[in-house]
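Working notes, structure below.
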Amino acid sequence: MRRKWQPVHLRNSQRSCFKDCRKKYYYAYILKLEPKVPSRKLHLGTLVHEALAYYYTPRKTPNKEEALIFYNQRAQEELIRLQLPQEMYQEFEKDKELGYNMLKYYFEEFAPANDDFKVLSIEQEVSARIKTPKNTSSHILFGGRVDGIIQHRGQNLIFEHKTAASLDTNNLILDEQMSAYMWVCNQMGYQIDGILYNIIRKVNPYSPRSKPPYVYREIIYRNHLELENQGRQLYQEAQDIRSCKNFYRNPSRDCNWKCAYRNLCMAEIDGSDIQYLVEANFVKK
């Protein structure tokens, strides 16, 4: 009997984690440990993304009041779910207020004057089978979720939201995550021409110390050759991840702010009993 095809799933978060640090990948995707409390940076970014998705949902007319109410409700739900200690509760409240002011400016002043596009879909799940070097379909399924797909001046674009402390856009041309999503979308027949980055600064626009711009948009294009190369790279990365036997560390100064497993990793290095740290700070995915 012919064996049934079983797909191997690969997502951008896995790719990024593996290339950052194999030990980090081991904790996150082999042991499947997830922090009980997400990082402070994730709190703000996730809630802002959710409010933007609510605002741009195609089935409804954008409504700033409803979107801001939705943001406050989601923030309150997260606060209840996380059960933060007092010091983290105060940080969360500051971030919540910051996010509210970022969105208020965006919905009331920026979006009405700059949204010259049609929203085709929001929070779109995309996936496609990666091609082998012989251009045949592999059993590796690459996919993820894009913030949105829009039609802008006759072009179909991925609509990508980002929150950032500063407007440094030099790295956008090197954004492998969005290149991979473009490749997947085109494999699915969407015919995506580029990415419209929608960057919202993490600053209160209503503070007298703040200076514009508070929102910045830029379109980045990828040609056919770039997307073909991205497809080949996806296959090679998937093979590297699947064949990995040695999950060694890649320590850097980014560990201090970027890695949720830093304390666990350090305890393992010095021979400490890590079981307590695992039980106190992580849950199994």
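Of the residues examined, residue 96 is not one that is of a type outside the set (Asp, Glu) and more than 21 Å from the chain's Cα centre (by Cα).
Of the residues making up region 254-285, those that are assigned to a loop (DSSP other than H, G, I, E, B), open to solvent by 100 Å² or more (accessible area, probe 1.4 Å) and at pLDDT 90 or above number 1.
Among the candidates 107, 92, single out the residue that is aromatic (Phe, Trp, Tyr), open to solvent by less than 60 Å² (accessible area, probe 1.4 Å), in contact with a helix residue (DSSP H, G or I) (Cβ under 7 Å, 6 or more places away or on another chain) and at pLDDT below 95.
Working: 107 fails: at pLDDT below 95.
When all the criteria are applied, what remains is 92.
One line per residue, one yes/no per condition, for (1) open to solvent by less than 30 Å² (accessible area, probe 1.4 Å); (2) not aliphatic (A, V, I, L, M):
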residue	(1), (2)
18	yes, yes
21	yes, yes
35	no, yes
51	yes, no
65	no, yes
115	no, yes
121	yes, yes
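Just to verify a result, which residue in region 123-151, among those that are of a type in the set (Asp, Glu) and closer than 18 Å to residue 45 by Cα, is surrounded by the fewest Cβ atoms within 10 Å (Cβ to Cβ)? Walk me through how you get there before you give the answer.
Of all residues in region 123-151, those of a type in the set (Asp, Glu) come to 123, 125, 147.
Now drop any that are not closer than 18 Å to residue 45 by Cα, which leaves 123, 147.
Values: 123: 15, 147: 22.
By that ranking, first place goes to 123.
Scanning region 71-89 turns up no residue that is open to solvent by less than 30 Å² (accessible area, probe 1.4 Å), at pLDDT 95 or above and touching a strand residue (DSSP E or B) at 6+ places or on another chain (Cβ under 9 Å). Taken over region 184-201, the criterion of being under 17 Å from the mean Cα position of the chain (by Cα) and closer than 16 Å to residue 145 by Cβ is satisfied by 184, 185, 195, 198.
Residues to consider are 223, 246; find the one that is without any contact (Cβ under 8 Å) to a residue 12 or more places away in the chain and open to solvent by 30 Å² or more (accessible area, probe 1.4 Å).
Working: 246 fails: without any contact (Cβ under 8 Å) to a residue 12 or more places away in the chain.
The conditions single out 223.
For region 203-222, filtered to residues that are of a type in the set (D, E, K, R) and assigned to a loop (DSSP other than H, G, I, E, B), the residue that is nearest to residue 161 (Cα to Cα) is 222.
If you scan region 107-160, which residues turn out to be of a type in the set (Phe, Trp, Tyr) and farther than 24 Å from residue 71 by Cα? Answer for region 107-160, where residues must be of a type in the set (Phe, Trp, Tyr) and farther than 24 Å from residue 71 by Cα: just 142. The residues in region 152-183 that are surrounded by 13 or more Cβ atoms within 10 Å (Cβ to Cβ), farther than 23 Å from residue 232 by Cα and among the polar types (S, T, N, Q) can be counted, and the count is 4. No other residue among 234, 225 is in a helix (DSSP H, G or I) and touching a helix residue (DSSP H, G or I) at 6+ places or on another chain (Cβ under 7 Å) apart from 234.
The values are calculated or read from the model by the stated rules, or taken from the named source; none is laboratory data. Computed from a predicted structure; not experimentally measured. Cβ sites come from the backbone with ideal geometry, for glycine too, and all protein chains shown count toward neighbours. Accessible surface areas use protein heavy atoms only, side chains included; no ligands, DNA or RNA. Shrake-Rupley method; radii C 1.70, N 1.55, O 1.52, S 1.80 Å.
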